[in-house]
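K.L.:
Attaching a single structure in structure tokens format; questions to follow.
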Amino acid sequence: MDSFYGLAPRTSTRKQSAAGPHVTFPGDASESTASTKQQVLLSAHGVEKSYRKGKHVVPVLLGVDFEIAAGEFVSIVGQSGSGKSTLLHLLGTLDAPDQGEIHFEGRRIDNLPTSSRDLLRNQYFGMIFQFYHLLPELSALENVLIPSMIADGAFRYWRNRRQYRERAEHLLELVGLSHRLKHKPRELSGGEMQRAAIARALIAEPEVLLADEPTGNLDSKTGEEIMEILRTLNADQNLTIVMVTHDAAIASQADRIVRLAEGRVQAA
Ligand SMILES: Nc1ncnc2c1ncn2[C@@H]1O[C@H](COP(=O)(O)OP(=O)(O)O)[C@@H](O)[C@H]1O
Ligand SMILES: [Mg+2]
């Protein structure tokens, strides 16, 4: 079925229903089979990207080839300025490559129309960032609910609001934030804000979590707690994770490390 090309509601291996209260936390590893581990979920093929700065062109990615299998936890490492965030944004269709292609579930996604890319990000990709990107005026719970409101529109959201709320509360409990549902971001610590951002990223039961320096603004103990959550999501739910970090100790907790240097993936 042409789920994201045709903007139809998705029916995937991990996801049950957009509106459903389906929650499989924790310990449901039923989909974690050897065959799904082998399948390429997300890939970059000859990806090139430069930025224009006045008269200057700053080349960043010079031909990146990279594959991530379903169920894998991969970290992308490299020096500051090596293009890690750029690559993650391209994988997540937040930006488009100058050359090359990005594929998701075997289909090209870098050239989709904006509305299809928005849908793809809303339904298939969860994203978290170094500075959390929570909406400051909303509570932790409301921040987690926002993607569902966007996905459903006001009428359907209102009809399904109890199920969504239950699921959001369950996710906040999963990340250890059930005692902070009504708190606004400014009333939360960095680690708590990242927990809320993780719950928000999971509300649509994404196929892949893209994380840009998720521990970059946290002390090492709090960073470890966030890594523990990510490792558990990967191990228990077979959630595919692509995590950018410049921290070697954090990177080493993934299944595989991909190193970016001089615009390309370096041989392991
Ligand atoms: N929007 C932009 N405009 C111009 N230059 C940019 C832009 N975004 C990133 N860059 C430049 O591209 C290079 C790679 O940036 P980035 O992908 O953020 O690296 P990393 O995440 O590895 O630190 C850097 O030199 C940065 O200054
Ligand atoms: Mg970066």
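K.L.:
How about region 44-72: which of its residues are buried (at least 18 other Cβ atoms within 10 Å of the Cβ) and of a type in the set (V, I, T)?
P.N.:
V47, V60, V64, I68
Here's the yes/no breakdown for (1) within 16 Å of ligand 1 (Cβ to nearest atom); (2) of a type in the set (A, V, I, L, M, F, W, C):
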position	(1), (2)
T86	yes, no
H89	yes, no
G92	yes, no
A96	yes, yes
I102	yes, yes
E105	no, no
R108	no, no
I128	yes, yes
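K.L.:
Among residues belonging to region 102-149 that are within 16 Å of ligand 2 (Cβ to nearest atom) and either assigned to a loop (DSSP other than H, G, I, E, B) or among the acidic types (D, E) (or both), point out the one that is surrounded by the most Cβ atoms within 10 Å (Cβ to Cβ).
P.N.:
Looking at residues that are within 16 Å of ligand 2 (Cβ to nearest atom) and either assigned to a loop (DSSP other than H, G, I, E, B) or among the acidic types (D, E) (or both), I get Y132.
K.L.:
Let me spell it out: the conditions are (1) crowded, with 22+ Cβ neighbours inside 10 Å; (2) in a helix (DSSP H, G or I), and S75 meets all of them except one. Which number is the exception?
P.N.:
Failed condition: (2).
K.L.:
Quick check, is L94 more than 10 Å from ligand 2 (Cβ to nearest atom) and in contact with a Pro (Cβ under 8 Å, 6 or more places away or on another chain)?
P.N.:
Here the answer is no, as L94 does not meet what is asked.
K.L.:
Starting from region 77-91, take each residue that is touching a residue at least 40 places away in the same chain (Cβ under 8 Å) and under 15 Å from A254 (Cβ atoms) and list its partners that are within 6 Å of ligand 1 (Cβ to nearest atom) and not small (G, A, S), counting only C-beta distances under 8 angstrom and pairs at least six apart or across chains.
P.N.:
V77/K84; G78/K84
K.L.:
Here's another thing I want to ask about it. Polar (S, T, N, Q) and at positive phi: does that describe T114?
P.N.:
In short, no.
K.L.:
Listed residues Q194, Q163, Q237, Q266; which is within 16 Å of ligand 1 (Cβ to nearest atom) and either of a type in the set (D, E, K, R) or out of contact with any Cys (no Cβ under 6 Å at 6 or more places or on another chain) (or both)?
P.N.:
That would be Q266, the only listed residue that is within 16 Å of ligand 1 (Cβ to nearest atom) and either of a type in the set (D, E, K, R) or out of contact with any Cys (no Cβ under 6 Å at 6 or more places or on another chain) (or both).
K.L.:
Can I ask one more? Quick check on this structure: which one of T215, T222 is within 16 Å of ligand 1 (Cβ to nearest atom), of a type outside the set (A, V, I, L, M) and modelled with pLDDT of 95 or more?
P.N.:
T215 is the lone residue from the list that is within 16 Å of ligand 1 (Cβ to nearest atom), of a type outside the set (A, V, I, L, M) and modelled with pLDDT of 95 or more.
K.L.:
Of these, E192, E225, E213, E166, which one is touching a residue at least 24 places away in the same chain (Cβ under 8 Å) and within 15 Å of the chain's Cα centre (by Cα)?
P.N.:
E213
The values are calculated or read from the model by the stated rules, or taken from the named source; none is laboratory data. All figures in this text were calculated on a predicted structure; none of them were measured in a lab. Here the Cβ is made from the backbone with ideal geometry for all residues, glycine too, and neighbour counts use every protein chain on show.
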